[in-house]
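Written out below as structure tokens is the structure these notes cover.
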Amino acid sequence: MKILVFAEQRENQFKKTAFEVCNAAIKLGLELNSEVVGLVVGESVSQIASKLGGFGIKKVFVVEDPRLKNYSTSAYSTIINQIIEKESISILFLSASAMGKDLAPCLSVKLNAGVASDCTQLKIEDGKIIATRPIFAGKSFVDVEITSDKKIFSLRPNVFTAGIASNETAEVLKFEVELLEKDFSTIVTEVKQSTNKKDVAEADIIVTGGRGLKEPENFLMIEKLADSLGAAVGASRAVVDAGWRPHDEQVGQTGKTVSPSLYIAVAVSGAVQHLAGMSSSKYIVAINKDKEAPIFNVADYGIIGDAFEIIPALTDEINKLKSH
Amino acid sequence: MKILVCVNHVPDTTTKVNIASDNISIDQNGVNFILNPYDDYAIEEALKTKEKFGGEVLVCSLGGDQHKETLRKALSMGCDKAVLLKDLSVRDSFSIAFALSEFAKEYLPEIIYVGKQSIDYDDSQMCGLIATFLNWQSVTVVVKLNIEGSKVIAEREIEGGHEVVSSSLPIVISAQKGLNEPRYPTLKGIMESKRKPIDEKPAAICENKILVKKMSKPTAKSKGKIIGNDISAVKELVRLLHEEAKVI
Ligand SMILES: Cc1cc2nc3c(=O)[nH]c(=O)nc-3n(C[C@H](O)[C@H](O)[C@H](O)COP(=O)(O)OP(=O)(O)OC[C@H]3O[C@@H](n4cnc5c(N)ncnc54)[C@H](O)[C@@H]3O)c2cc1C
Ligand SMILES: Nc1ncnc2c1ncn2[C@@H]1O[C@H](COP(=O)(O)O)[C@@H](O)[C@H]1O
């Protein structure tokens with residue numbers, strides 16, 4: 001049973017989630033006594049590919065082509081499909097990122113393989129891989145087994161640990177795929193970066209502001225706190241709907257699902273739809289002047305008080321700590 | 001142009017999820033079902049596509065008779081026809097997508113709209129599955145869409161920004177919030193929807209690839225610490241985050 005890890009890169013840099021997926025696959029590979037190989041796709045990715053050795057992967061395939069600089073659903077899925085067939089791979093691991101979630105179902109049909117999507121835990125029971133995934137926006141979990149011969153697992157970002165890379169390097173092998181024009185039927189022509197901003201979906205620390213901040217200008221206070229922590233700024237739906245903050249910052253059921261190591265909710269009430277997006281964070285801090293606010297039910301640490309007093313003081317205190 | 005929109009019937013977001021006694025499904029007692037929130041955006045975009053190119057919008061759902069309620073809502077928003085692929089079996093996304101794509105092979109639309117994800121099983125798979133079954137193109141999590149002739153330019157959300165995607169018809173699009181402002185059903189729409197028929201057809205059969213072993217509830221967090229009621233608590237909070245939680 002051979003395992004393939006699709007290691008996602010953008011701009012010739014691995015995503016942190018690529019390492020998380022490598023680590024999880026290696027762990028499972030050890031338990032199943034299976035070889036784990038990597039795959040990196042892009043314009044010229046040979047240089048970075050050997051890095052995966054630092055996470056325990058001995059052999060990495062690369063597929064390089066100038067046309068693969070940007071993501072293409074059709075081309076990337078053709079490549080992964082071919083390597084799985086040629087190398088007799090039975091299990092594919094990828095990240096449940098925007099790219100991984102786009103690829104997994106296409107590969108599911110091509111390979112006739114079931115997909116366990118957005119998994120938060122993997123274990124082996126009676127020799128079978130059991131994946132746990134959140135459903136109903138985290139209000140419940142389901143344990144599933146994939147019954148098809150080939151299996152695909154996409155792992156939720158920020159849940160599995162990436163670990164620290166060793167100095168090992170992996171053997172890098174070019175994998176030849178003949179790409180036809182039709183393989184580029186769907187292709188990204190431009191990536192519009194939101195101005196250097198940290199994205200909540202990838203951040204390790206998030207500071208979220210809610211409607212209790214009263215005016216959009218008051219988010220400056222939230223931004224300063226976020227800066228002091230190197231954190232991303234998040235928003236509740238109430239402030240996004242009011243036009244104070246862009247939709248890509250929204251956390252929750254109809255926004256993004258996040259699981260950072262620290263989530264600070266400021267003047268956010270903690271409606272179920274908000275909790276749905278963030279309750280799996282490792283540590284949650286709530287700052288709210290209403291002691292009955294439901295956010296306190298999920299918080300590890302809380303301060304019942306006025307955000308306008310507490311946030312500047314907290315920012316100062318953190319800056320002090322960081323300057324030591 | 002023939003346009004197909006697929007919709008799901010799901011528990012309301014505020015529903016308390018209780019696990020049924022079989023341990024592999026949810027207890028539907030007292031659960032209020034609604035049109036999957038992302039499917040509002042899919043329906044709206046389908047209606048806008050029709051307004052631009054002419055043609056008709058057919059709305060389709062796979063499930064039991066309860067799904068008719070959701071199909072009726074889609075009709076009241078302005079969809080022309082509705083089909084219920086009647087099926088009471090337990091299906092995974094793969095098997096649902098197979099049946100929907102078999103139906104698409106009969107109806108022969110040029111574009112299919114689905115929602116970004118169902119808010120019950122949060123699978124986000126339908127778009128890619130249906131497209132690949134049909135050997136069509138697909139773009140997921142779309143927030144902007146422009147169709148000119150057979151050319152499709154879409155913008156999709158990714159981490160830290162957007163991707164502009166170039167593709168072509170026939171295509172499956174998954175709609176994300178921000179793509180449009182869904183219209184509300186008008187009184188006239190509601191009246192008319194009552195007269196529009198909902199066709200029933202059997203759903204094509206396909207074996208599942210996912211077996212549900214058990215469901216569980218998240219372990220409740222032991223109640224957190226309230227550190228204080230004012231600014232004096234700040235120092236202690238920072239100490240705890242640094243020394244106890246070790247997250248800063
Ligand atoms: C289908 C659906 C999907 C939804 N999806 C989402 C989603 O993805 N994300 C999301 O966030 N919501 C979502 N919602 C909305 C959700 O139900 C809430 O309305 C929303 O989260 C409330 O935002 P809020 O906490 O900022 O505002 P409010 O609920 O108005 O809370 C403001 C809080 O600020 C506190 N406060 C006021 N002044 C101060 C002060 N000076 N200092 C400290 N605290 C103060 C108040 O005590 C209060 O708790 C969804 C709703 C529906 C129906
Ligand atoms: N039973 C169903 N019948 C019709 N469409 C569905 C069904 N289930 C899911 N869909 C569509 O697929 C989208 C994504 O769902 P999912 O892949 O289940 O998260 C939904 O928003 C619907 O548009």
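We did not get these values from a lab; they are worked out from the coordinates using the rules stated. Treat the numbers as computed from the prediction; the structure is a model and nothing was measured. FYI the Cβ positions are ideal-geometry reconstructions off the backbone, even for glycines, and counts take in every protein chain you see.
What is the distance, in nm, between label points placed 7 Å from the Cα along the Cα-to-Cβ direction at A:LYS192 and at B:ARG239?
Those two pseudo-labels are separated by 4.9 nm.
About the Cα centre, and with charges only on the beta carbon of Lys, Arg (+1) and Asp, Glu (-1), how big is the dipole of the range A:2-184? Nearest 20 debye, please.
400 debye
Compute the relative contact order of chain A as a whole-number percentage, counting only Cα pairs closer than 8 Å that sit 6 or more residues apart in sequence.
15 percent
Averaged over every viewing direction, what's the projected area of the C-alpha convex hull for the range B:2-202? Give it in nm², one decimal, please.
Averaged projected area of the range B:2-202's Cα convex hull equals 11.6 nm².
Taking K and R as +1 and D and E as -1, what net charge do the other residues with C-beta under 15 Å from the C-beta of B:SER76 add up to?
Neighbourhood net charge equals +3.
In debye, nearest 20: dipole of the protein assembly as shown around its Cα centre with unit charges on the Cβ of K, R (+) and D, E (-)?
It comes to approximately 540 debye.
By average Cβ neighbour count within 10 Å, what is the ranking of A:211-223, A:41-53, A:228-240 from highest down?
A:228-240, A:41-53, A:211-223
Let me spell out the model: positive unit charges on the Cβ of Lys and Arg, negative unit charges on the Cβ of Asp and Glu, origin at the Cα centre of chain A. What dipole size does that give, in debye rounded to 20?
200 debye
Using R₀ = 25 Å, calculate the FRET efficiency as 1/(1 + (r/R₀)^6) where r is the Cβ-Cβ separation of A:GLN13 and B:LYS144; round to 0.05.
For R0 = 25 Å, the calculated efficiency reads 0.40.
If I take every Cα pair under 8 Å that is 6 or more residues apart in the range B:115-248, average their sequence separation and divide by the length, what percent do I get for the relative contact order?
Normalised by residue count, the contact order of the range B:115-248 is 17 percent.
Calculate, in nm to one decimal, what A:ASP227 and A:ASP126 gain on full extension: separation in residues at 0.36 nm each, minus their alpha carbon distance.
In short, 31.6 nm is gained.
Among A:MET278, B:MET215, what is the fewest-to-most ranking by other Cβ atoms within 10 Å?
If I rank by nearby Cβ atoms, fewest first, I get B:MET215, A:MET278.
I need the calculated FRET efficiency for the pair A:LYS174 and B:SER232, taking r as the beta carbon distance and R₀ as 56 Å, to the nearest 0.05.
With a Förster radius of 56 Å, E is 0.35.
With a ≥ b ≥ c the root eigenvalues of the C-alpha gyration tensor of chain A, is it rounded (a/c under 1.5), prolate (a/b larger than b/c) or oblate?
prolate
For chain A, modelled as a Gaussian network with Cα springs under 10 Å, which listed residue fluctuates most, A:GLN253, A:GLN193, A:GLN82?
Maximum among the listed residues: A:GLN193.
Work out which helices of chain A, taken as complete DSSP H runs, extend at least 18 Å along their axis over the Cα atoms and score a mean Kyte-Doolittle of 0.5 or more, then list them.
A:16-32, A:98-111
With a point put 7 Å past each Cα toward its Cβ, work out how far A:ASN112 is from A:GLU181 in nm, to one decimal.
Taking the simple label geometry, A:ASN112 and A:GLU181 are separated by 3.2 nm.
Please give me the summed charge of the neighbours of A:LYS58: other residues whose Cβ is under 11 Å from its Cβ, Lys and Arg +1, Asp and Glu -1.
Net of charged neighbours comes to -2.
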